1. Hey, could you check the stretch 251-272 for residues that are modelled with pLDDT under 95 and assigned to a strand (DSSP E or B) and say which is farthest from E9 (Cα to Cα)?
2. Looking at K334, is it closer than 26 Å to L357 by Cα and crowded, with 17+ Cβ neighbours inside 10 Å?
3. Of the residues in the stretch 373-391, how many are in contact with a strand residue (DSSP E or B) (Cβ under 7 Å, 6 or more places away or on another chain) and open to solvent by 80 Å² or more (accessible area, probe 1.4 Å)?
4. Please enumerate the residues belonging to the stretch 49-68 that are modelled with pLDDT under 95 and not basic (K, R).
5. Going through the stretch 272-306 one residue at a time, which ones are touching a Gly at 6+ places or on another chain (Cβ under 6 Å) and open to solvent by 10 Å² or more (accessible area, probe 1.4 Å)?
6. Which residue, of V128, V110, is of a type in the set (A, V, I, L, M), open to solvent by 50 Å² or more (accessible area, probe 1.4 Å) and within 23 Å of the chain's Cα centre (by Cα)?
7. Pairs under 6 Å by beta carbon, first residue under 16 Å from N176 (Cβ atoms) in the stretch 234-262, partner open to solvent by 10 Å² or more (accessible area, probe 1.4 Å) and basic (K, R), six or more apart or different chains?
8. Find the residue count for the stretch 318-328, including only residues that are assigned to a loop (DSSP other than H, G, I, E, B), open to solvent by less than 10 Å² (accessible area, probe 1.4 Å) and in contact (Cβ under 8 Å) with a residue 60 or more places away in the chain.
Amino acid sequence: MIEVVLPPEGQSGISQELVEKKLSSFVTMVKARAESKEGPRKVLLLPPDFTRFHSRAGEISSLLFDLMPPTGDWAVTDVMPALGTHAPMSEEQCSTMFSEAINSADVIRVHDWRNDVTTIGHCPASMVANATNGMVEKPWPAQLNKLVWEGDHDAIFSVGQVVPHEVMGMANFNKNLFVGVGGVEAINLSHFIGAVYGMERMMGKASNPLRSILNYASENFLQKKLPLYYILTVMGKNETSGDLEMKGLFFGDDIECYLEACKLSLTCNFTMLEEPLRKVVVYLDEDEFHSTWLGNKAIYRTRMALADGGELIILGPGVKKFGEDDECDVLIRKYGYVGTPTIMKHMEEQEELQNNLSVVAHLIHGSSEGRFSVKYCPGHLTREEIEKAGFIYGDFEEAKKKYGGLVDGWNEVEGERIFYISNPALGLWAHKDRFEEDGEKAEEGGGKRARVNVGSG
């Protein structure tokens, strides 16, 4: 089952009216497909958290809540933001992202990735070994929040945006389940798989070994039990105004709607550049990015565009910590973004890293490997904290004064050409030669490596 909604001819984005109409039709169809049952029906919504505010998933979730209010025969009883490893949403973030009706109904649930999960099955060790070049040979545990798996809902709507992603290749679909409301063991191993396989081989690709593992879990576990439906958006900028708008809306109950969304996303969210970039300035929205765990998207999404010896300057007025939870924050501060060989050596020697593979992956992803420099200009971290973590420190107020008022794309500042990105979460940038070179190097490096022991967190 799949429905693809695109802007009508002559329009660059999907109107609010069309979104509401299609959502209403989809909900009607879901109700019609359900088996007969006495009493009210329970519905669970799984939107992303505030870091995906621009996905319009909050708005869609609010519309779904209006279509299935708590007093109806079909009632939204639970709204669980898919936090993954992120910190819980604040009251202010919930108020901004969701309607007053949702916020006043006592339906928002907080996902605890370290404790409140259950293992629903395992994917074969052979798939993990293939994805990690033989470094890890153990089954991948498919884990979900207990409310999702045991909540006895009559319908579950997974809502979110499809966009290039550093761990999964392309975001959303079953990532919203197995990572968004998944458990520490599964998330640790999945992030590590993505890092070992190679971020440059993953980003922008819907098909890759890690996604195959999640797809196996979907086909063998999820689809056999849960009444799961996907509502996916693709967002892009209006070419005239520069405003963000919905370029596609996708409905379905399996992978097909996701694959169609990926095709559109690559035309809207992937920028192939004619030349490598010598200097890039990236701005991190103060309300959206509070940590380097989130803010390092500035590194992930531009690394294939940056020239050798290039400079990346990150303006992060809201950045006040490294990890999204205390345990991750401590480990990032201790080991730093010091390059893959050093991080892998630490992991082989330190049990605390073996038990926190998502941190290992994050440190690998956030390292420039010495190919380009990274200057972080945080609003709330000191020079000592930034430099100890392996970055160059920059004063935020000075950087803001120098680079304020830039527009997305090429700018000239004091006679220097600078490429500016106002939100790295919205896309992926690459230079053709680097994009192809990284893929070739990754293929050449695909031989066996020493096996490592990994803990369960």
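The values are calculated or read from the model by the stated rules, or taken from the named source; none is laboratory data. This one's a predicted model, so the numbers in the text were calculated from it and none came from an experiment. All Cβ positions, glycine included, derive from the backbone under ideal geometry; neighbour counts span all protein chains shown. For the accessible areas, the whole protein counts, side chains as well, though only heavy atoms, and no ligand, DNA or RNA atoms are used. Shrake-Rupley method; radii C 1.70, N 1.55, O 1.52, S 1.80 Å.
1. M272
2. no
3. 2
4. D49, F50, T51, F53, H54, S55
5. Result: R278, E286, H290, W293.
6. V110
7. Qualifying pairs under 6 Å: V234/K247.
8. 3
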